[in-house]
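Chemist: This is the structure I have questions about; it appears just below.
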Amino acid sequence: MNDLSTPKLTIKDFTSDQEVRWCPGCGDYAILKCMQRTLPEMGVTRENTVFVSGIGCSSRFPYYMNTYGFHTIHGRAPAVATGLKLANPELDVWVVTGDGDGLSIGGNHLLHALRRDVDLNILLFNNKIYGLTKGQYSPTSDVGTKSPSTPQGSVDPSLNPISFAIGSGARFVARTVDTAQKHMPGVFTRAHAFKGASFVEILQNCIVYNDAAWSDITEKKAAPERQLLVEHGEKMIFGAERNKGIRFNPSSFRLEVVIIGENGITEDDLLTHDESNRQLAIMLGELGANPGEPVVMGVLYAAQADHSYTQAVLGQVEAQKGKRSLKDLMYSGQTWEVK
Amino acid sequence: MASDVQVLESAVVRFAGDSGDGMQLTGSQFTTSTALSGSDLSTFPDFPAEIRAPVGTTFGVSAFQINFGAKAIKTVGDRPDALVAMNPAALKVNLKTLRPGGLLVVDAGTFTTRNLQKAGYETSPLGTPQLEAYQVIELDISKLTLEAVKEFGLGNKEALRCKNMWTLGLMLWMFSRKREPVIDWLQKKFAKLPQVAEANVAALNAGHAFGETAELSATVKRYQIGAVHSEPGLYKTVTGSQALSWGIVAGGELAGLDIVLGSYPITPASPILHALSGMKEQGVVTFQAEDEIAAICAAIGASYGGALGVTSSSGPGIALKGEALGLAISTELPVVVVNSQRGGPSTGLPTKTEQSDLYQAVYGRNGDAPIPVLATRSPGDCFETAIEACRIAVKYMTPVMLLTDGFIANAAEPWKLPDLDTLEPFPVEFAKAPEGEEEFSPFVRDEKTLARHWPKPGVAGTEHRIGGIEKDYNTGHISYDPENHQKMTDVRHAKVEGIANDIPAQDVDQGTASGKLAVVGWGSTYGPISEAVKSARDEGLDVSHIHIRYISPFPANLEELLRSYDRIIVPEMNAGQLKTVIRDKFLIDAKPINKVSGQPFKIQEILDAIRAELAA
């Protein structure tokens with residue numbers, strides 16, 4: 001936290017002197033700017049902030065932040081970040097990964113970082129394609145994606161990062177999109193404030209290899225109809241005319257889109273978002289797969305109970321540390337003296 | 001009675017039984033009692049990979065060998081003088097190791113038709129010419145044990161579990177060892193099950209009494225093996241895994257750093273994970289990762305954060321860590337990587353020993369990726385070598401490969417406890433923020449060591465970005481410049497090569513600094529080479545023993561030293577790897593002597609090789 005004697009940091013302080021080398025028009029620029037802008041507002045310091053990344057376009061992120069940064073190897077950022085937190089739990093550690101890095105080669109590490117609930121802020125840039133290796137399909141690519149490695153279209157079903165995260169045991173799961181400059185800062189701030197692993201899927205556009213992959217939900221006209229912004233305690237309403245909502249249908253055990261004013265539907269029939277409800281989060285995370293359904297943005301799930309992996313691990317050490325020296329340990333037990 | 005006791009200089013005893021018979025416990029308790037009596041010793045636990053192989057089968061046989069004596073003991077002994085076989089399968093597997101005329105104790109109670117069949121015997125070998133060459137003591141140990149523990153009301157199965165203690169009692173009597181340390185241990189181990197503790201103690205005493213009073217003393221001699229004339233000091237029996245773990249912690253303390261271990265369970269490296277996990281009182285942080293890659297990545301992350309990251313595994317796991325090792329080399333972060341080698345390739349022989357990961361350690365990464373490689377020679381040596389690995393890692397900002405093996409990891413030997421206060425500290429100083437407007441670079445190098453300085457997150461003014469992409473020599477920023485890559489590759493090499501001047505000169509372990517033949521070894525072949533060279537020199541042969549701890553870089557004087565001998569032979573438990581590295585570095589015609597059976601060298605095998613080489 002800043003005290004009065006410390007001048008408030010600005011976007012400039014968090015911007016490194018390195019030339020940004022993403023393709024012009026890449027969605028990563030917007031995410032980077034947003035992060036550089038939001039960190040000073042969170043009141044964090046540069047020296048206490050570390051960005052750890054794997055490999056891929058998104059993983060160049062640390063070079064552009066004027067903080068500590070570690071560009072590691074493909075898929076392994078969550079593991080490196082876990083070790084870093086064990087060495088110094090006071091650091092704010094952000095992990096930047098992509099759909100290939102985090103869900104394909106590094107799926108195992110992401111799973112376990114989330115399961116353990118290591119206090120990391122994990123940002124997964126999802127552009128549904130491999131960018132840096134020139135356009136192969138990724139684990140989040142839609143079936144039928146034509147790419148250099150799938151000239152006749154991909155055949156394997158895609159993975160939903162939100163479902164993966166919740167299934168792995170994540171206790172904070174959110175989604176936002178690169179074009180939502182107003183929405184993203186709030187999500188980053190919440191992710192940062194959460195104690196434990198926070199997982200944020202950022203829908204991001206790759207202008208070169210998968211342009212417009214998200215346009216059906218990000219286009220100005222489409223956005224209000226295809227995006228549902230959830231807020232804890234608020235009714236789930238969306239649509240350009242704010243007349244659509246989400247209702248739970250107990251007989252089908254599904255969420256369904258309804259129109260306020262039709263078939264006697266009123267706002268009272270709509271679901272109120274409850275961040276602490278894991279089952280609800282699972283259903284919300286999967287919305288958007290069927291025609292007419294909105295994609296849910298915001299904090300889908302934030303567990304209430306406090307938990308800290310690093311505190312638990314280091315707490316065991318702290319409770320014991322110093323009780324016996326190495327010498328006492330080595331010299332204990334069955335020894336004998338030769339004179 | 002004293003006149004009945006024959007004094008021996010040394011003896012080799014091998015305990016063999018089913019995996020469930022508790023032979024490792026029996027052996028380690030015999031070891032403890034022997035160590036406390038002041039004899040020198042070396043042990044060899046030889047157990048199957050299966051946790052509980054089907055009872056009575058040959059592949060389920062577990063053995064423990066101990067060589068102990070009133071002289072310096074450097075190997076586990078080529079051939080046992082006494083073999084205990086708790087069932088037919090144990091006899092079948094181990095009889096060929098027993099020296100002719102040796103003592104064979106068998107539990108005849110287990111020689112049932114079914115057990116004989118399982119061991120592959122058509123008829124019982126007991127009382128047949130097959131065993132003629134040995135002094136056989138047939139006892140129904142099962143029955144004798146049941147009688148001894150009858151009063152404690154244990155079930156038949158539980159009562160039979162005391163068989164190993166009965167046998168231990170007998171062997172302690174035979175070799176004039178004390179029972180008290182074993183009794184103390186049993187009472188502690190079964191503190192919550194006093195009935196079981198008492199039954200085991202009763203079995204132990206019964207076995208001992210059987211030797212003393214019975215029936216045996218007429219036919220079997222009792223032996224006495226005295227204390228060795230060791231250097232004065234306080235001694236303790238240690239395994240390699242224990243000493244290595246202590247060395248890592250000592251290294252951390254000398255550097256003034258916290259230790260963070262990332263590890264994934266793997267045979268035979270897991271005892272290091274266990275030992276360090278149990279050292280929270282000494283402040284060690286351990287992380288059982290989701291896989292081998294995560295284990296080293298967490299260690300690298302910890303080192304990036306200003307702790308000393310350590311990872312421990314065996315060959316297959318080290319293979320998985322290869323890419324991450326490259327990251328640590330490229331970012332110049334200290335990490336200690338411990339490889340407890342086992343038989344390979346692939347899964348290979350998980351519980352058997354080998355030295356076949358030397359190429360992997362020295363050469364096994366993508367790109368030009370030099371790292372220092374150190375090798376331990378014995379359980380006690382692990383302590384000092386681990387400290388050296390830590391020192392080199394932090395002083396030179398580099399990952400260091402520390403090679404040990406399955407034999408050293410599990411074997412025990414008496415070890416003179418070091419005086420920790422005399423160890424030379426090597427405190428780490430983290431990078432400081434530059435003064436004024438100067439831009440901070442993470443790649444400022446020490447002129448002498450060429451090591452970069454070590455910035456620590458959390459410190460204002462040393463913020464920086466690093467990664468596996470090539471970095472500019474001066475600024476540390478990403479650089480694809482051709483000349484810069486040449487320069488960085490050269491400096492990474494020069495840094496590691498320079499370590500040669502910061503390690504002790506290579507000494508001659510035994511023999512002369514020049515001559516007809518040098519036997520050059522590394523790692524756990526130390527014992528058999530040392531004994532073989534001693535015997536050869538006693539025969540008057542011109543042979544010396546050189547044992548290398550620093551494999552990469554080699555000590556600065558090694559080439560000159562090796563060139564002072566007419567011939568070089570290199571016994572290794574692999575197909576010839578150090579020999580290749582010696583040829584590679586020096587173009588010296590080192591000849592390989594190889595054994596890849598999962599078993600340590602016998603002294604005789606090396607002695608034969610020495611004689612053959614000198615006769616050629």
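Chemist: For the range B:294-307, which positions are assigned to a helix (DSSP H, G or I) and in contact (Cβ under 8 Å) with a residue 24 or more places away in the chain? Outline the logic, then answer.
Modeler: Going through the range B:294-307, the residues assigned to a helix (DSSP H, G or I) turn out to be B:294-304.
Residues satisfying the conditions are B:Ala294, B:Ala295, B:Ile296, B:Cys297, B:Ala298, B:Ala299, B:Ile300, B:Ala302, B:Ser303, B:Tyr304.
Chemist: Tell me which residues, restricted to the range B:241-274, are crowded, with 24+ Cβ neighbours inside 10 Å, in contact with a Ser or Thr (Cβ under 7 Å, 6 or more places away or on another chain) and not in a helix (DSSP H, G or I).
Modeler: B:Leu261, B:Gly262, B:Ser263, B:Pro268, B:Ala269
Chemist: Determine, yes or no, whether B:Thr462 is modelled with pLDDT of 95 or more, out of contact with any Ser or Thr (no Cβ under 8 Å at 6 or more places or on another chain) and within 14 Å of chain A (Cβ to nearest Cβ).
Modeler: Values: modelled with pLDDT of 95 or more: yes; out of contact with any Ser or Thr (no Cβ under 8 Å at 6 or more places or on another chain): yes; within 14 Å of chain A (Cβ to nearest Cβ): yes.
So B:Thr462 fits the description; yes.
Chemist: Given (1) aliphatic (A, V, I, L, M); (2) at pLDDT 95 or above; (3) closer than 30 Å to B:Ser37 by Cβ, where does B:Ala89 come up short, assuming only one miss?
Modeler: All conditions are met except number (3).
Chemist: Among the residues of the range B:75-106, which ones are buried (at least 21 other Cβ atoms within 10 Å of the Cβ) and touching a Gly at 6+ places or on another chain (Cβ under 8 Å)?
Modeler: Of everything in the range B:75-106, those that are buried (at least 21 other Cβ atoms within 10 Å of the Cβ) and touching a Gly at 6+ places or on another chain (Cβ under 8 Å) turn out to be B:Thr75, B:Val76, B:Pro80, B:Ala82, B:Leu83, B:Val84, B:Ala85, B:Met86, B:Asn87, B:Pro88, B:Ala89, B:Ala90.
Chemist: Keeping to the range B:294-328, report how many residues are more than 8 Å from every other protein chain (Cβ to nearest Cβ), out of contact with any Lys or Arg (no Cβ under 7 Å at 6 or more places or on another chain) and either at pLDDT below 95 or under 24 Å from B:Leu450 (Cβ atoms) (or both).
Modeler: Within the range B:294-328, residues that are more than 8 Å from every other protein chain (Cβ to nearest Cβ), out of contact with any Lys or Arg (no Cβ under 7 Å at 6 or more places or on another chain) and either at pLDDT below 95 or under 24 Å from B:Leu450 (Cβ atoms) (or both) number 3.
Chemist: Of all residues being assigned to a helix (DSSP H, G or I) and farther than 23 Å from A:Arg76 by Cβ in the range B:275-293, which is farthest from the other protein chains (Cβ to nearest Cβ)? Just the residue, please. Break it down stepwise before answering.
Modeler: Taking the range B:275-293 and keeping what is assigned to a helix (DSSP H, G or I), we get B:275-277, B:280-282, B:292-293.
When the remaining residues are screened for being farther than 23 Å from A:Arg76 by Cβ, the result is B:275, B:280-282.
Values: B:Ala275: 10, B:Lys280: 4, B:Glu281: 4, B:Gln282: 5 Å.
Checking each candidate, the answer is B:Ala275.
Chemist: Specify which of the listed residues (A:Leu314, A:Leu300, A:Leu270) is surrounded by 15 or more Cβ atoms within 10 Å (Cβ to Cβ) and facing chain B (nearest Cβ under 10 Å).
Modeler: On the way: A:Leu300 fails: facing chain B (nearest Cβ under 10 Å); A:Leu270 fails: facing chain B (nearest Cβ under 10 Å).
Just a single option satisfies the conditions, and that option is A:Leu314.
Chemist: Looking at (1) under 15 Å from B:Ala202 (Cβ atoms); (2) outside any helix (DSSP H, G or I); (3) touching a strand residue (DSSP E or B) at 6+ places or on another chain (Cβ under 7 Å), which is the one condition that is false for B:Leu154?
Modeler: (3)
Chemist: Right, here's the next one. Which condition number does B:Glu483 fail, the rest of (1) loosely packed, with under 14 Cβ neighbours inside 10 Å; (2) within 30 Å of A:Glu47 (Cα to Cα); (3) not aromatic (Phe, Trp, Tyr) being met?
Modeler: (2)
Chemist: If we scan the range B:34-54, do we find a residue that is of a type outside the set (D, E, K, R), at pLDDT 90 or above and at positive phi?
Modeler: Checked against the condition, which is being of a type outside the set (D, E, K, R), at pLDDT 90 or above and at positive phi, the range B:34-54 yields no hits at all.
Chemist: Another question, then. Would you pick out the residues in the range B:489-541 that are of a type in the set (D, E, K, R) and assigned to a helix (DSSP H, G or I)? Spell out how you get there, then give the answer.
Modeler: Of the residues in the range B:489-541, the ones of a type in the set (D, E, K, R) are B:490, B:492, B:495, B:497, B:502, B:507, B:509, B:516, B:531, B:534, B:537-539.
Result: B:Asp490, B:Arg492, B:Lys495, B:Glu497, B:Asp502, B:Glu531, B:Lys534, B:Arg537, B:Asp538.
Chemist: Is at least one residue of the range B:575-589 over 18 Å from B:Ala513 (Cβ atoms), assigned to a loop (DSSP other than H, G, I, E, B), at pLDDT 95 or above and polar (S, T, N, Q)? Talk me through it step by step, then tell me what you get.
Modeler: To start, the set of residues in the range B:575-589 that are over 18 Å from B:Ala513 (Cβ atoms) comprises B:575-581, B:583-585, B:587, B:589.
Narrowing further to those that are assigned to a loop (DSSP other than H, G, I, E, B): B:575-577, B:587, B:589.
From the residues that got through so far, the ones that are at pLDDT 95 or above too are B:575-577, B:587, B:589.
Subsequent filtering for residues that are polar (S, T, N, Q) retains B:577.
Yes, some residue in the range B:575-589 is over 18 Å from B:Ala513 (Cβ atoms), assigned to a loop (DSSP other than H, G, I, E, B), at pLDDT 95 or above and polar (S, T, N, Q).
Chemist: Read through the list (1) within 14 Å of chain A (Cβ to nearest Cβ); (2) in contact with a Gly (Cβ under 9 Å, 6 or more places away or on another chain), then give the number of the only condition that B:Arg161 fails.
Modeler: With (1) within 14 Å of chain A (Cβ to nearest Cβ); (2) in contact with a Gly (Cβ under 9 Å, 6 or more places away or on another chain) applied to B:Arg161, the lone miss is (1).
Chemist: Taking the range A:180-220, which residues are assigned to a strand (DSSP E or B) and more than 16 Å from A:Asp142 (Cβ to Cβ)? Explain how you work it out, then say what you get.
Modeler: From the range A:180-220, those assigned to a strand (DSSP E or B) are A:198-203; that's our starting set.
Correct list: A:Ser198, A:Phe199, A:Val200, A:Ile202.
Chemist: Step by step: first the residues of the range A:61-87, then only those that are more than 7 Å from chain B (Cβ to nearest Cβ) and buried (at least 24 other Cβ atoms within 10 Å of the Cβ), then the one that is farthest from B:Val459 (Cα to Cα). Which residue is that? Talk me through it step by step, then tell me what you get.
Modeler: First, the residues of the range A:61-87 that are more than 7 Å from chain B (Cβ to nearest Cβ): A:61, A:64-65, A:74-75, A:77-78, A:85.
This time we only want the ones that are buried (at least 24 other Cβ atoms within 10 Å of the Cβ), so: A:61, A:64-65, A:75, A:77-78, A:85.
Values: A:Phe61: 21, A:Tyr64: 19, A:Met65: 16, A:Gly75: 27, A:Ala77: 22, A:Pro78: 22, A:Lys85: 15 Å.
Of everything passing the filter in the range A:61-87, A:Gly75 is farthest from B:Val459 (Cα to Cα).
Chemist: How many of the residues in the range A:118-149 are more than 14 Å from chain B (Cβ to nearest Cβ) and either assigned to a loop (DSSP other than H, G, I, E, B) or among the aromatic types (Phe, Trp, Tyr) (or both)?
Modeler: Qualifying residue count, the range A:118-149: 21.
Chemist: Among A:Thr72, A:Thr45, which is the only one that is among the polar types (S, T, N, Q) and touching a Ser or Thr at 6+ places or on another chain (Cβ under 7 Å)?
Modeler: Details: A:Thr45 fails: touching a Ser or Thr at 6+ places or on another chain (Cβ under 7 Å).
Testing whether each residue is among the polar types (S, T, N, Q) and touching a Ser or Thr at 6+ places or on another chain (Cβ under 7 Å) leaves just A:Thr72.
Chemist: I've got another one for you. Looking only at the range B:474-496, count how many residues are within 28 Å of B:Leu374 (Cβ to Cβ) and touching a strand residue (DSSP E or B) at 6+ places or on another chain (Cβ under 9 Å). Write out each step before concluding.
Modeler: Going through the range B:474-496, the residues within 28 Å of B:Leu374 (Cβ to Cβ) turn out to be B:487-496.
Restricting the remaining residues to those that are touching a strand residue (DSSP E or B) at 6+ places or on another chain (Cβ under 9 Å) gives B:488, B:491, B:495-496.
The total comes to 4.
Chemist: Does A:Arg115 satisfy the condition of being assigned to a loop (DSSP other than H, G, I, E, B), surrounded by fewer than 18 Cβ atoms within 10 Å (Cβ to Cβ) and more than 8 Å from chain B (Cβ to nearest Cβ)?
Modeler: no
Chemist: Here's a follow-up. If only one of B:Gly476, B:Gly468, B:Gly498, B:Gly458 is more than 25 Å from the chain's Cα centre (by Cα), on the phi > 0 side of the Ramachandran plot, surrounded by 15 or more Cβ atoms within 10 Å (Cβ to Cβ) and in contact (Cβ under 8 Å) with a residue 40 or more places away in the chain, which one is it? Give the derivation first.
Modeler: Working: B:Gly476 fails: in contact (Cβ under 8 Å) with a residue 40 or more places away in the chain; B:Gly468 fails: on the phi > 0 side of the Ramachandran plot; B:Gly498 fails: on the phi > 0 side of the Ramachandran plot.
Residue meeting the stated conditions: B:Gly458.
Chemist: A follow-up question, please. Any residue at all in the range B:238-253 that is in contact with a Phe, Trp or Tyr (Cβ under 7 Å, 6 or more places away or on another chain) and charged (D, E, K, R)?
Modeler: no
Yes/no matrix, rows are residues, columns are (1) in contact (Cβ under 8 Å) with a residue 60 or more places away in the chain; (2) in contact with a Gly (Cβ under 6 Å, 6 or more places away or on another chain):
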residue: A:Pro89; (1), (2): yes, no
residue: A:Val93; (1), (2): no, no
residue: A:Ile105; (1), (2): no, yes
residue: A:Arg116; (1), (2): yes, no
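Chemist: Also, I was wondering about something else. Go through the range B:250-265 and report how many residues are facing chain A (nearest Cβ under 9 Å) and among the aliphatic types (A, V, I, L, M). If you could, list the steps in order and put the result at the bottom.
Modeler: Filtering the range B:250-265 for residues facing chain A (nearest Cβ under 9 Å) gives B:250, B:253, B:258, B:260, B:262.
Add one more test, that the residue is among the aliphatic types (A, V, I, L, M), and what stays is B:250, B:260.
Summing the residues that are facing chain A (nearest Cβ under 9 Å) and among the aliphatic types (A, V, I, L, M) in the range B:250-265 gives 2.
Chemist: Separate question: Return yes or no: is B:Leu417 among the aliphatic types (A, V, I, L, M), facing chain A (nearest Cβ under 9 Å) and touching a residue at least 40 places away in the same chain (Cβ under 8 Å)?
Modeler: On the way: among the aliphatic types (A, V, I, L, M): yes; facing chain A (nearest Cβ under 9 Å): yes; touching a residue at least 40 places away in the same chain (Cβ under 8 Å): yes.
Criteria met by B:Leu417.
Chemist: Right, next: For residues that are under 14 Å from B:Asp368 (Cα atoms) and more than 10 Å from chain A (Cβ to nearest Cβ), scanning just the range B:329-340, find the one that is surrounded by the most Cβ atoms within 10 Å (Cβ to Cβ).
Modeler: B:Glu332
Chemist: A further question follows. Quick check: anything in the range B:53-64 in contact with a strand residue (DSSP E or B) (Cβ under 7 Å, 6 or more places away or on another chain), assigned to a helix (DSSP H, G or I) and closer than 23 Å to B:Thr353 by Cβ? Spell out how you get there, then give the answer.
Modeler: Here is the first cut: in the range B:53-64, the residues in contact with a strand residue (DSSP E or B) (Cβ under 7 Å, 6 or more places away or on another chain) are B:55-56, B:60-64.
Add one more test, that the residue is assigned to a helix (DSSP H, G or I), and what stays is B:60.
Next, from what is left, pick out any that are closer than 23 Å to B:Thr353 by Cβ: B:60.
Within the range B:53-64 (the criterion being in contact with a strand residue (DSSP E or B) (Cβ under 7 Å, 6 or more places away or on another chain), assigned to a helix (DSSP H, G or I) and closer than 23 Å to B:Thr353 by Cβ), the answer is yes, since at least one residue qualifies.
Chemist: Condition first: surrounded by fewer than 24 Cβ atoms within 10 Å (Cβ to Cβ) and closer than 12 Å to A:Val52 by Cα. Now tell me which residues in the range A:92-104 satisfy that. Full working, then the answer.
Modeler: Step one: filter the range A:92-104 for residues surrounded by fewer than 24 Cβ atoms within 10 Å (Cβ to Cβ), giving A:92, A:104.
The answer is A:Asp92, and nothing else.
The values are calculated or read from the model by the stated rules, or taken from the named source; none is laboratory data. Predicted, not measured: the structure shown is a model, and the values here were computed from it. FYI the Cβ positions are ideal-geometry reconstructions off the backbone, even for glycines, and counts take in every protein chain you see.
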